[in-house]
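Step one of this worksheet: look at the structure below.
What follows is calculated from the coordinates using simple rules that are stated; it is not laboratory data. None of these values were measured; they are calculated from a predicted model. So basically every Cβ, Gly included, is an ideal-geometry build from the backbone, and we count neighbours across all protein chains shown.
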Amino acid sequence: MIPIIRKAKNGYKKWTTWIKSARSIPLIDILVKKKHFGSHYGGYTIATDNIDSNTIFYSFGVGKDITFEIETAKKYKCKFHLFDPTPGSVEWISAQKLPDHFSFYDYGISDQDGYITVFPPSSENRISHSIIKHKWTSDTALKFPVKSLSSIMQTLAHQHIDVLKMDIEGSEYAVLENLADSSIRPSQIIVEYHHHFPEIGVLRTYQSIQLLRSIGYKLFSYSPELEEFSFIHQSADMDSK
């Protein structure tokens, strides 16, 4: 099948699945100045007002693609804290020459401190480990160290996060629920949802979006594949466009 046709069919399937499950389409809450940084696979969209050299980014789940972080930092000279406990990512990152304002940590994020059980990919061509055992994972369970967002901020002596980005293979739902129960309000939350795992489903993502809206976040962008979603908090000082 021609790639562009395959992509269109996959996109149509994702949209119809979303509408059938959520009984609505995701609606943009606010128009802001925004820009996409990074590759098609590892890129994300952020609101660009007030991003500068003092901006603090937390990026969870970097894998082997940090084009988003590199491109954003190149433009704004901002500070990035990268997190990923997966062996393939730790090995890959250690072989890279990271910018001076990048820091890497070999643990992940969860709704509590300790260790989580994850399942590695069944294919050597994949790197993502997931807390969900699905058709792309092996049967072997591993334990990875994790910390809650509040513990990480305390460890790094941060009172505030400007941009929280997560691609954490199904763990995002619990992390965002934990965030909602806390007083932590990053100015932006950029998250890749994993409702394409049958064990999760679209409804869980819809509920997560509604939860973020209930604590003051506004949706300003999402990818055509309905996987990457970008939110900005209502308290953020920004210029609408």
At R0 = 41 Å, FRET efficiency that the Cβ-Cβ distance of K34 and S122 yields, to 0.05: 0.70
Theoretical gain in end-to-end length, L203 to K77 [0.36 nm per residue, Cα-Cα removed]: 41.6 nm
Förster radius 30 Å - calculated FRET efficiency between S103 and A180 (Cβ-Cβ, nearest 0.05): 0.70
Three-way shape label, the chain, alpha-carbon gyration tensor, a/c 1.5: rounded
Segment Q234-H160, extension gain: residue separation times 0.36 nm, minus the distance between their alpha carbons: 25.1 nm
Gain on full stretching of the segment that runs from R213 to I25 - 0.36 nm per residue minus C-alpha separation: 66.2 nm
Antiparallel %, DSSP beta bridges [both residues in the chain], to 5: 55
Where labels lie 7 Å past Cα in the beta-carbon direction, separation of S150 and K135 in nm: 4.0
Calculated FRET efficiency for the pair N54/T17, C-beta based, R₀ 41 Å, to 0.05: 0.50
Using θ = phi - 60° and Karplus 6.51 cos²θ - 1.76 cosθ + 1.60, couplings along the range 57-65 (whole Hz; Gly, Pro as x): 9, 10, 10, 9, x, 8, x, 10, 9
Amide H contacts of K34 (H built 1.01 Å from N, under 5 Å, at least 5 apart or other chain): T48
For the range 220-231, 3J(HN,Hα) per residue [Karplus equation, 6.51 cos²θ - 1.76 cosθ + 1.60, θ = phi - 60°, Hz, x = Gly/Pro]: 10, 6, 8, 6, x, 7, 6, 10, 9, 10, 10, 10
Amide hydrogen neighbours beyond the local backbone of S171, cut-off 5 Å, H modeled: I131
Euclidean distance of C-alpha centroids, the range 153-219 and the range 104-126, integer Å: 17
